[in-house]
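Handing you this structure, nothing more for now.
The values are calculated or read from the model by the stated rules, or taken from the named source; none is laboratory data. Just so it is clear, the model here is predicted, and its values are computed rather than measured. Here the Cβ positions follow ideal geometry from the backbone for every residue, glycine too, while neighbour counts run over all protein chains shown.
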Amino acid sequence: MLRVLIRTAAMTGRCYAELASRYPEAAGSVVYVQHGLGSAGLARATGIALTVAVAVSAASIARGAIDYLVILLPWPPELLLALLIIASMAVAAYGVGESVWLAAAIGVLEIGGLIVATIAGLLAAPELHLGAMLPLTPAAWSGTVAGAFIAFFAFIGFETLANLAEETRNPQRTLPRGILGAVAASVVLYVAVAIAAVLSGSSPQRPLLDIFTGTGVYVFAGVAFLAVGNGTLVQIVMLARLFYGMARKGQLPAVLGWVNARTGTPILATMLAGCIVAGAALLVSFEQLLVLTNVITLAIFVLVDLALWRLHRVPSATVPGFVAPRWVPPVAALLAAALLLAELLA
């Protein structure tokens, strides 16, 4: 099952890499579906679905971050959640460049923290016996399949890079590298952390936290909060750019395309994005957020993969900087559709 998830993310990532190279626009998937499938209705539906997917994704990330923050600040979780989203919204409104640089800096800290935690988890494991991770009973298999669908959440997010195309230098070259690199890094880091967490017997609520003691608990909690909370900022930036791109194309009210002259950011779009994320985070449970994110994201993946498949079948004057093999889009669409069906029937 994990192989299927990884292959789906990897193949769809290649589709996004080519499409972002063909159409470096802020609306991302909405533009790809519009050009590839030639349907304004499907493009609009993709925009709505993407809005919901990003909102619930950001909300689930924010909830996960608060699980670590309460260790440092034992305040009401709802208050901490609101403060995190407001802070992320403020940074996103201050400037896209500043937001990206801050997210990148925290990303470096996140990778370092994951590497340290992985090493600590492996050292804390009673025995490095990978056979202990194999499901040997029906109940174990059931849990593995259910967990695999939730784990798919770890492999998505690369598609948000496409929405920053208009802020990227040489997007035909930079975006494909960024998208494919993000998929590869996610796979390596997720598998390493998952192995360390399982072998060390770590708590599923706060992975790898209980392998630390004393001051180490608070240090790791702080790093984990910044690392996980960083995703909230990225998703709010992405959602604001989506609204901005759709507003410019007349698919949303024009006011959402207004850009502040001083900050260079779509302020109203950013505020709307933050409010939607806050509503989802406060009203929907963490598990429901993860499942809903996966279902909507897989549906969008199917449409985007089919869009590129159709583009490969018609002559075009557009010469992308990256070209996915012709067999990738249909196979990626088939895998994403199969996962979507399995998720709905589970």
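List every residue pair whose Cβ atoms sit under 9 Å apart, with the two residues 6 or more apart in sequence or on different chains, where the first one lies in region 58-84 and is without any contact (Cβ under 8 Å) to a residue 24 or more places away in the chain and the second, anywhere, is basic (Lys, Arg) and in a helix (DSSP H, G or I).
Cβ pairs passing all conditions: Pro77/Arg63.
Inspect region 322-342 for any residue being surrounded by fewer than 17 Cβ atoms within 10 Å (Cβ to Cβ) and closer than 18 Å to Tyr23 by Cβ and give the result as yes or no.
Within region 322-342, one or more residues are surrounded by fewer than 17 Cβ atoms within 10 Å (Cβ to Cβ) and closer than 18 Å to Tyr23 by Cβ.
While we're here: Over 24 Å from the mean Cα position of the chain (by Cα), at pLDDT 90 or above and either among the β-branched types (Val, Ile, Thr) or not in a helix (DSSP H, G or I) (or both): is that true of Arg326 in this structure?
Taking the combined requirement at face value, the residue satisfies it.
With out of contact with any Cys (no Cβ under 8 Å at 6 or more places or on another chain), part of a helix (DSSP H, G or I) and crowded, with 22+ Cβ neighbours inside 10 Å as the only criterion, which of Val52, Val31 stands out?
Val31
Is at least one residue of region 278-289 within 20 Å of Ala45 (Cβ to Cβ) and touching a Gly at 6+ places or on another chain (Cβ under 9 Å)? Full working, then the answer.
To start, the set of residues in region 278-289 that are within 20 Å of Ala45 (Cβ to Cβ) comprises 280.
Then keep just the ones that are touching a Gly at 6+ places or on another chain (Cβ under 9 Å); that gives none.
Scanning region 278-289, I find no residue that is within 20 Å of Ala45 (Cβ to Cβ) and touching a Gly at 6+ places or on another chain (Cβ under 9 Å), so the answer is no.
Just to be sure before I move on: is Ile86 of a type in the set (Val, Ile, Thr), surrounded by fewer than 20 Cβ atoms within 10 Å (Cβ to Cβ) and over 23 Å from Ala332 (Cα atoms) in the structure I sent?
When the stated conditions are applied, Ile86 passes them.
A further question follows. Of the conditions (1) crowded, with 22+ Cβ neighbours inside 10 Å; (2) closer than 22 Å to Trp101 by Cβ; (3) not aliphatic (A, V, I, L, M), Thr293 clears all except one; give me its number.
(2)
Go through region 173-210 and give me each residue that's crowded, with 17+ Cβ neighbours inside 10 Å and polar (S, T, N, Q).
Thr174, Ser186, Ser200, Ser202
Testing Tyr190 on (1) touching a residue at least 40 places away in the same chain (Cβ under 8 Å); (2) within 25 Å of Ser88 (Cβ to Cβ), one condition comes back false. Which one is that?
(1)
List pairs: first in region 240-257 and more than 18 Å from Ala53 (Cα to Cα), second hydroxyl-bearing (Ser, Thr, Tyr) and in a helix (DSSP H, G or I), Cβ under 9 Å, 6+ apart or cross-chain?
Pairs found: Leu256/Tyr244; Gly257/Tyr244.
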